[in-house]
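Have a look at the structure below before the remarks.
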Amino acid sequence: MSVLVNKNSRVIVQGFTGQEGTFHATQMIEYGTNVVGGVTPGKGGQMHLERPVFNTVEDAVQKANADVSIIFVPPAFAADAILEAADAGIKVIVCITEGIPTRDMIKVNEFLKDRDCRLIGPNCPGVITPGEAKVGIMPGFVFNAGTVGIVSKSGTLTYEAADQVCRTGLGISSAIGIGGDPIIGTTTKEAVELFMNDPQTKGIVMIGEIGGGMEAEAARWIKEHGTKPVVGFIAGQTAPPGRRMGHAGAIVGGSEDTAIAKMKIMRECGIQVAESPAVIGEMMAKALKK
Amino acid sequence: MNLHEYQGKELLKRFGVPVQEGIAVASVDAAIDAAKQLKNERGTTIWVVKAQIHAGGRGKGGGVKVATSLDKLKEKAEQIIGMQLVSPQTGPAGKKVNKVLIAEDVYYGKEEERKEFYLSVLLDRERKKNVIIYSTEGGMDIEEVADKHPEKINKEWIDPKDGLQPYQARKIAFKLGLSGDAYKNMVAFVTNIYRAYVELDCALIEINPALKTADNKILAVDAKVKVDDNALYRHKEYADMRDVTEEDPTEVEASRYNLNFIKLDGNVGCMVNGAGLAMATMDMIKLAGGSPANFLDVGGTANAQTTEAGFRIILADPNVKAILINIFGGIVRCDRVAQGIVDAYKNIGNIDVPIIVRLQGTNAELAKELIDKSGLKVFSAIELREAAELVNKVIAA
């Protein structure tokens, strides 16, 4: 078991023939991900990376039975790509694109409400289930298969946490990079919930950052429904208020979205909070030995 | 991206939002001309000189002054143009005032016939929809109102599909206690502000105060407008509205190399790939006994050129006593970054602050070897905890 993607996932790449799409599709195929094709409007019928190119996601679903999509199209067209994937019946949509306007994401969020699909991202590193499928841009070799689920807003910090966990001898069930934008498809709480319901996952690493209230929401949910140990970390304890720290959503607006405030709520809800990013793996190992 | 009051007002006027009119100027002579022009066109004989900086609380720092004659206007303009304005939001160093807005007087008539309100539009991240926040307590610090009188803060959430509905605009106007012409004008005001927010791709519109004048007009006396950085490509004119004098010069320099840099006031510089890891690295520096001198995300394409640019930008800060480079190589190969560091080091020459390099991920061992063999005064680490220990050691020395 795992969450969201596995060896049976039939993955398509939207923005398949572009530079980014080509590079990462190649990496994903090398990893062993079952990439069944891609979509580039106007290039349907061609072959790329020995796989068919389709004009529309609908074609890819009908002809290649795609059920997962990863999106690499530029910001101006990414929201539309998400809508197309959802409308075609794709179940898991992973949007890597950074820089989608908030107005577009409000619309996307509304569109997805009554559709049976899950959006991961945008502005995220994607999802990986080690040894089965990499639907993202993360370095696959860092992730050994195992029993720890990772939920994170940040890319490289996800790799860091996975590396630390794997160095203790543990491994990763799946890792979900949920993204650093103000509006994202899957919240921290929803990702944690997926892991709580996954029998293979024994422990969860939850990595957040300043801005918004998603970690607090997840913490309260864990307090009520949690059945597995959770180790948490919040980046940005030293971030100045009012400044956007790289990610569009990483900005302290009020007293409740600071790192300190979030860490406090997480502790109160029974999450083991790492003060330093260097001890995440160690804390997870200890928590699972008990 | 933040806009100045005068820029925000210009944009709002296009959507039919009435504003306190004014003319932005950069010199005292131009200020006097502007005042005369306003007198001719608007009939005002009282003017307000308003410093144009990207920070609130301008009045408290002496950046907003009323002038009742042209002589006084000259005097106030001389005081404000070029001043280093320190407000509750600028930090102790303050901000230099390059431009002022010469604005008409809108506080005419009897005081009891006027009323100030607060109105803002922004994104509610939790509900994933826009919200209009409004209050009868205008002209005050809204955080303070929220603190002391939370019951006086009202919110109206906007359905993303259907937008602001007429009944919502009416509700807002009624709840602000208005009737007659003032009520009608407020309904139009709210409707137009919201339309501007959406069509201009704003991240914030804050009108504080929105004034009901003695003759029942509703005016935006101030306008704080922030536009969504991700939507700049849809509004080409925003590029011309950017005021780089409001930004830290090193940050402007960094952005030319596509480096995401934010200046802080600590003693340990850092260079990291990825925003989350960069923030985490800053936190780690603090825990190790130092304090971060900057945020610097070199992104997914760290190479020799960006590494060198990063070095130069960090080293420009005399407070920096040590530099920590933290790269988790995925697609970025660590040995390439290591080579970049070695080259940059040689190119810049005489870097006399200790450098700690932590490279992990693709080709990390190879990278460590490269650095260790280079003969440079560089401490290298592979695990994050080793890097933290090194920071601690270097600062203590």
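What follows draws every value from the coordinates through simple rules; no lab data is involved. What you see is a predicted model; the values in this text were computed from it and never measured. No Cβ is skipped: glycine too gets one built from the backbone with ideal geometry, and neighbour counts run over all protein chains shown.
Worth a mention:
- Cβ-derived FRET efficiency at R0 22 Å, A:K264 paired with A:T227, nearest 0.05: 0.45
- Pairs of alpha carbons in segment A:138-289 separated by more than 19 Å make up 47% of all such pairs.
- For segment B:56-69, Karplus couplings with θ = phi - 60° (6.51, -1.76, 1.60), whole Hz, Gly/Pro x: x, x, 4, x, 5, x, x, x, 10, 9, 9, 10, 9, 8
- Per-bin percent of Cα-Cα distances, chain B [10 Å]: 5, 19, 23, 19, 16, 12, 5, 1, 0
- Close amide-amide hydrogen proximity is noted between A:G146 and A:I172, A:S173, each under 5 Å apart and 5 or more residues distant or on a separate chain (H modeled in the peptide plane; Pro and chain starts excluded).
- The protein assembly as shown: radius of gyration over Cα atoms, expressed as a fraction of 2.2 N^0.38 Å: 1.03
- Average other protein chain Cβ within 10 Å of Cβ, residues B:120-133: 3
- The charge dipole of segment B:67-153, taken about the Cα centre with unit charges on the Cβ atoms of Lys, Arg (+1) and Asp, Glu (-1), comes to about 480 debye, rounded to the nearest 20.
- Residue order, fewest to most surrounding Cβ atoms within 10 angstrom, among B:V145, A:V205: B:V145, A:V205
- Segment B:E126..B:L376, full-extension length gain: 85.0 nm, with 0.36 nm per residue of separation and the alpha-carbon distance subtracted.
- For segment A:79-89, 3J(HN,Hα) computed residue by residue from phi via the Karplus equation (6.51, -1.76, 1.60; θ = phi - 60°) reads 4, 4, 5, 5, 4, 4, 4, 5, 5, 7, x Hz, glycine and proline entered as x.
- Note on A:C117, A:C95, B:C334: ascending count of other Cβ atoms within 10 Å places them as A:C117, B:C334, A:C95, the fewest first.
- Considering only A:L170, A:A259, A:G212, the residue lying farthest towards the positive end of the dipole of chain A is A:L170, judged by Cα position with unit charges set on Cβ.
- With the simple spin-label model, which puts each label point 7 Å out from Cα in the Cβ direction, the A:Q200 to B:A239 separation comes to 4.8 nm.
- Note on the protein assembly as shown: with charges restricted to the Cβ of Lys and Arg (+1) and Asp and Glu (-1), its dipole about the Cα centre is near 520 debye.
- This ranking places B:I172, B:I314 by how few other beta-carbon atoms lie within 10 Å of each, fewest first, which gives B:I172, B:I314.
- Only Cα pairs under 8 Å and 6+ residues apart enter the sum, and on that basis the relative contact order of segment A:138-289 stands at 26 percent.
- Listed values for segment B:325-331 are Karplus-derived 3J(HN,Hα) couplings in whole Hz (6.51 cos²θ - 1.76 cosθ + 1.60, θ = phi - 60°), namely 9, 10, 10, 9, x, x, 6, and x replaces Gly and Pro.
- DSSP beta bridges confined to the protein assembly as shown are antiparallel in about 50 percent of cases.
- Using only alpha carbons, segment B:309-375 has a radius of gyration to Kirkwood radius ratio (Rg to Rh) of 0.97.
- Under 5 Å, built H, 5+ apart or other chain: amide partners of A:T186: A:G121
- Amide H partners (placed H, <5 Å) of B:L324, local residues excluded: B:G269, B:C270, B:M271, B:I356
- With bins 10 Å wide beginning at 0, the percent of Cα pairs of segment A:11-120 falling in each bin runs 16, 51, 29, 4.
- Along the axis of the charge dipole computed for chain B (Cβ charges of +1 for Lys and Arg, -1 for Asp and Glu, origin at the Cα centre), the listed residues B:A220, B:I371, B:G361 are led at the positive end by B:A220.
- Per residue of peptide A:99-109, the mean number of Cβ atoms on other chains within 10 Å of the residue Cβ is 6.
- Annotation: aspartates and glutamates with alpha-carbon distance below 14 angstrom to B:K74 (same-chain offsets under eight excluded): B:D29, B:D33.
- Greater than 24 Å apart at Cα, pairs in A:K223/A:K264; A:K113/A:K189; B:K72/B:K224; A:K107/B:K155; B:K60/B:K236: B:K72/B:K224; B:K60/B:K236
- Gyration tensor analysis over the Cα atoms of segment A:209-290 returns equivalent ellipsoid semi-axes of 24, 15, 9 Å (largest first, whole Å).
- Across chain A, the fraction of Cα-Cα pairs farther apart than 27 Å, rounded to a whole number, is 37%.
- Listed by chain and number, the lysines whose C-alpha is less than 16 Å from the C-alpha of B:K346, apart from same-chain residues fewer than 8 away, are B:K373, B:K377.
- Relative contact order (%) - chain A, alpha-carbon pairs under 8 angstrom, separation at least six: 15
- Estimated dipole of segment A:138-289 in Debye, rounded to 20 [Cβ of Lys and Arg +1, of Asp and Glu -1, Cα centre]: 280
- Distance from segment B:227-294 to segment A:149-203 (C-alpha centre basis), Å: 26
- Cβ-Cβ distance of B:S291 and B:Q84, R₀ of 25 Å, FRET efficiency by 1/(1 + (r/R0)^6): the value works out to about 0.50.
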